Amino acid sequence: MQFELKTYIHWTIGTDTYINQTSVTDSFTAGTYNVRLAVSNANRCQVVLDSFILVHPTPTASFSYSPDEIFISNPEVFFNDLSSGNVIGWDWDFGDNNFSADENPIHTYGSGGEYNVILFVETDEGCVDSTSQKVIIKDELRVFIPNAISIQNDGLNEAFRVVGIGYTNIKIQIFNRWGERIYQSDNFTEWDGTYRGEKVQMGAYIYIMTITDNRGMKHHMDGEIQVIR
């Protein structure tokens with residue numbers, strides 16, 4: 001047994017047509033699309049509805065940053081939004097649990113490493129896009145090792161110290177001119193120029209040290225320290 005179709009449905013959406021579908025699903029690029037729905041019955045009575053679909057363009061998220069090479073000694077990074085579209089909102093995720101809603105933020109990282117920076121942008125019509133880049137903050141070992149100390153109790157340069165950045169530990173041994181080890185430390189901070197509680201004699205002393213940087217890499221250094229009075 002066959003039944004005659006009682007209702008005729010005709011959709012026109014842009015240049016596309018759909019016949020006898022009670023609902024239509026489609027996707028569109030940005031633009032304005034005319035929509036017409038014509039419904040008629042077996043008696044050729046017809047109802048026509050006209051409308052339109054307005055599809056707003058999505059933005060394209062993009063950004064740059066400077067400098068190109070970043071070290072932990074100067075970890076300030078300048079971010080520059082390069083997104084296209086009517087962008088009115090920015091949401092930056094710097095990858096270190098810090099965020100910003102500025103268009104062109106400046107961020108200072110607290111430690112070396114690789115960070116995934118994500119930028120989310122939104123237009124005035126609520127359309128969104130996102131993009132991401134890897135930002136690498138390089139660990140940097142910079143140390144100053146003095147070549148002389150004064151042990152004459154005048155408050156000036158009375159201790160042998162290492163000053164710098166990018167390291168977590170220093171191991172050191174100090175030897176006199178006869179090769180006798182007069183000082184050692186596995187967690188060096190300073191040597192006050194004494195041996196067995198007494199001030200050492202003036203002259204040259206040799207140090208051998210191992211510096212462990214922030215990445216766990218070990219750097220071996222040696223040199224001469226002059227003790228003067």
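Each reported figure results from applying straightforward, stated rules to the coordinates on display, with no laboratory input. These numbers come from a predicted model, not from an experiment. Because the Cβ atoms are built from the backbone with ideal geometry, glycine has one as well, and the counts that use them run over all protein chains shown.
Structural remarks
- Segment HIS220-GLN152, length gained on full extension (0.36 nm per residue, minus Cα span): 21.4 nm
- About its Cα centre, the dipole of the stretch 63-138 is roughly 340 debye, where the only charges are +1 on Lys and Arg Cβ and -1 on Asp and Glu Cβ.
- Packing here is the average count of other Cβ atoms within 10 Å per residue, and on that basis the peptides 189-202, 43-56, highest first, run 189-202, 43-56.
- In order through the stretch 102-108: 3J(HN,Hα) via Karplus (6.51 cos²θ - 1.76 cosθ + 1.60), integer Hz, x for Gly, Pro: 6, 5, 10, x, 10, 10, 10
- Listed peptides 215-221, 73-79 by packing density, highest first (mean Cβ within 10 Å): 73-79, 215-221
- FRET E, pair ASP16, SER132, Förster distance 45 Å, beta-carbon r, rounded to 0.05: 0.80
- Recomputing mean projected area of the Cα convex hull in nm² from the coordinates shown identifies the correct label among (i) 23.6; (ii) 14.7; (iii) 15.4 as (i).
- Taking amide H atoms as placed 1.01 Å from N in the peptide plane, the amide H of TYR183 lies under 5 Å from those of ILE174, each 5 or more residues away in sequence or on another chain.
- Distant-in-sequence amide contacts of GLY95, defined by a placed amide H-H separation under 5 Å and a gap of 5 or more residues or a different chain, comprise ILE118.
- Note on the chain: Lys pairs 8 or more places apart or on different chains, Cα atoms under 29 Å apart, count 5.
- Annotation: peptides 18-25, 110-117, ranked by per-residue average of other Cβ atoms within 10 Å with the highest first, follow the order 110-117, 18-25.
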